[in-house]
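Asks: I have a structure here, written as structure tokens, and I will follow up with some questions on it.
The values are calculated or read from the model by the stated rules, or taken from the named source; none is laboratory data. What you see is a predicted model; the values in this text were computed from it and never measured. FYI the Cβ positions are ideal-geometry reconstructions off the backbone, even for glycines, and counts take in every protein chain you see.
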Amino acid sequence: MTDRQSKILQAIVEQYAEVASPVGSSLLAKVFNVSSATVRAEMADLERLGYIGQPHTSAGRIPTDKGYRYYVNNLGDQSKDGGTRVERALTARASAGGVPEHTIRSTVDTLVELTHNLGLATIGNQLYMSGLSNLFGQPEFMHPGQVQEVARLLDNLQPWLHEAAPNEPLSVYIGQENPIGRNSGCSLIISRFRSPFSDSSYIGVLGPTRQSYRDVMSLVGRAGRTLEETLYE
């Protein structure tokens, strides 16, 4: 992939996350200050390579799971210190102290508010979830078949986390990468952290593949780090 193609793909991912509509060449031509014909040629290459697709009802393009994976892999380090005002607000809420279970639940609820996704965390042998209405209120989940796939993923998430125990500080499963509910059109973003309940506790969000990965990954990573620091301070 050329540098310009990489930047066009990034723009498609970020624009589609914002407006939930396929992205056309005319908009990108203005962004990159080139002709629409040049952008269409680059988009055709990206489509041939499998990074974007064209819904049959639109002339615009949307990212594929492969396109999202390329984008996520090239975001760079999401574990930097500092952070945005929103991240600092999350840290303040998570660091408020109190009973560990309440602290974890409060942090999940804050993630729901900030990401507009479904939030989740393992607390002992239970999976706490919040924000189902956020998830099913997304335009992607208007079809009953897809809702059923999402429900299947949620029903099996707790045993899968226990069995697979993802070992990365931050793990991202995009669309068909999910071990369950592969056709759900969802992305699972989870952070592993140590808690009084388990050395492999998890907090994260489940949302449509169309989302602001840079922001959400940063928030989920911050939530996991802050919880571990707070629960063991």
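Asks: Between Y16, Y71, which is touching a residue at least 24 places away in the same chain (Cβ under 8 Å), surrounded by 16 or more Cβ atoms within 10 Å (Cβ to Cβ) and out of contact with any helix residue (DSSP H, G or I) (no Cβ under 6 Å at 6 or more places or on another chain)?
Replies: Only one candidate passes the filter, namely Y16.
Asks: Please state which one of M129, M142 is at pLDDT 95 or above, assigned by TED's automatic domain parsing to the domain that holds R192 and either over 13 Å from V220 (Cα atoms) or hydroxyl-bearing (S, T, Y) (or both). Full working, then the answer.
Replies: Details: M142 fails: at pLDDT 95 or above.
After applying the criteria, what remains is M129.
Asks: Report whether or not R93 is at pLDDT 90 or above, among the basic types (K, R) and buried (at least 17 other Cβ atoms within 10 Å of the Cβ). Can you show your working first?
Replies: Details: at pLDDT 90 or above: no; among the basic types (K, R): yes; buried (at least 17 other Cβ atoms within 10 Å of the Cβ): yes.
Criteria not met by R93.
Asks: A further question follows. For the range 105-134, name all the residues that are outside any loop (DSSP other than H, G, I, E, B) and touching a Phe, Trp or Tyr at 6+ places or on another chain (Cβ under 7 Å).
Replies: As a first pass, look at the range 105-134 and keep what is outside any loop (DSSP other than H, G, I, E, B): 105-115, 118-123, 126-130, 132-134.
Residues satisfying the conditions are R105, V108, L120, A121, T122, I123.
Asks: Next question, about the same structure. Scanning the range 162-186 for residues that are part of a helix (DSSP H, G or I) and modelled with pLDDT under 90, which turns out farthest from R225 (Cα to Cα)? Show your work before the answer.
Replies: If we filter the range 162-186 for residues that are part of a helix (DSSP H, G or I), which is where we start, we get 162-164, 175-177.
Then keep just the ones that are modelled with pLDDT under 90; that gives 162-164.
On the way: H162: 20, E163: 23, A164: 21 Å.
Only one residue fits best here, namely E163.
Asks: Taking the criterion of being more than 11 Å from S184 (Cα to Cα), of a type in the set (S, T, Y) and surrounded by 15 or more Cβ atoms within 10 Å (Cβ to Cβ), would at least one residue in the range 133-154 satisfy it?
Replies: Among the residues of the range 133-154, not one is more than 11 Å from S184 (Cα to Cα), of a type in the set (S, T, Y) and surrounded by 15 or more Cβ atoms within 10 Å (Cβ to Cβ), which makes the answer no.
Asks: Just for the range 31-68: of the residues that are touching a Phe, Trp or Tyr at 6+ places or on another chain (Cβ under 9 Å) and among the basic types (K, R), which one is farthest from G175 (Cα to Cα)?
Replies: R61
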